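Enquirer: One structure is given below, represented as structure tokens, and several questions about it will come after.
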Amino acid sequence: QVQLVESGGGLVQAGGSLRLSCAASGRTFSSYAMGWFRQAPGKDREFVAGMSWSGGTTYYADSVKGRFTISRDNAKNTVYLQMNSLKPEDTAVYYCAVRNYPLLKIQESEYAYWGQGTQVTVSS
């Protein structure tokens, strides 16, 4: 059974940093693209960052470009999201997700497995 478990969320002041982790189990994810999404209260879930299976291709939403960095450690079956210079508008539940294919996509519907989410709250 495939499982994704996020951790690392919390409350931080504007300008601060957090690192989210997503540990995968149930299969080896080194051959598949992974991504991070977020959902703020009252809003649709949106793509934040993604990475191809090899790590050679990454893509970021314009709203986080230059502040967030996605990385993966295939040996640990784990993907990370380093978030710097956080803003109150980054407040959301953050989800990691994995595709069944190696290429990166940004559409939510392209991802087969999802974690339960971790709350990130940025105070002003």
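The values are calculated or read from the model by the stated rules, or taken from the named source; none is laboratory data. Quantities reported herein were computed from a predicted structural model and do not represent experimental measurements. Heads up, the Cβs are rebuilt from the backbone with ideal geometry, glycines too, and the neighbour counts pull from every protein chain shown. These accessible areas exclude ligands, DNA and RNA; they are computed on the full protein's heavy atoms, side chains included. Shrake-Rupley method; radii C 1.70, N 1.55, O 1.52, S 1.80 Å.
Enquirer: Would you tally the net charge around R38, using a Cβ to Cβ cut-off of less than 12 Å, leaving R38 out, and scoring K and R as +1, D and E as -1? Spell out each step's value before the answer.
Expert: Numbers: positive: K43, R45; negative: E6, D44, E46, E89, D90, E108.
Within the 12 Å Cβ shell, the charges total -4.
Enquirer: If contacts are Cα pairs under 8 angstrom and at least 6 residues apart, what is the relative contact order of the chain in percent?
Expert: Values: 324 pairs, mean separation 44.7, N = 124.
Result for the chain is 36 percent.
Enquirer: Continuing with this model, one more query. Given a 1.4 angstrom probe, what's the average accessible area per residue across the chain, in square angstrom?
Expert: Working: 6210 Å² over 124 residues.
Result: 50 Å² of accessible area for each residue.
Enquirer: Sticking with this structure for a sec: Counting alpha carbon pairs within less than 8 Å and at least 6 residues apart, what relative contact order, in whole percent, applies to segment 23-90? Don't jump to the answer; show the numbers that get you there.
Expert: Working: 98 pairs, mean separation 19.0, N = 68.
Once normalised by length, the contact order is 28 percent.
Enquirer: Percent of accessible area on the chain owned by carbon and sulfur, 1.4 Å probe?
Expert: Details: 2870 of 6210 Å².
Here carbon and sulfur together make up 46 percent of the probe-accessible area.
Enquirer: Still on this structure, I have one more. Enumerate the residues in segment 61-76 having an amide nitrogen under 15 Å from the point lying 7 Å beyond the Cα of V2 toward its Cβ.
Expert: Hits in segment 61-76 for V2 at 15 Å: none.
Enquirer: Give me the net charge for the shell around T57: Cβ to Cβ below 13 angstrom, other residues only, Lys and Arg +1, Asp and Glu -1. It would help to have the intermediate numbers written out before the result.
Expert: Values: positive: R72, R99, K105; negative: none.
After counting each charged neighbour, the total is +3.
Enquirer: Taking only the C-alpha atoms, wrap a convex hull around the chain and report its volume per residue in Å³ as a whole number. Numbers along the way, then the final one.
Expert: On the way: hull volume 11.2 nm³, N = 124.
Hull volume over Cα atoms, normalised by residue count, gives 90 Å³.
Enquirer: What is the local net charge at Y113, summed over the other residues whose Cβ is closer than 11 Å to its Cβ (Lys, Arg +1; Asp, Glu -1)?
Expert: Values: positive: R27, R99; negative: none.
Residues near Y113 contribute +2 overall.
Enquirer: Here is a further query. Please give the FRET efficiency for N100 paired with L11, using the beta carbon to beta carbon distance and R0 = 35 Å, rounded to the nearest 0.05.
Expert: Numbers: r = 35 Å, r/R0 = 0.99.
Efficiency for this residue pair is about 0.50.
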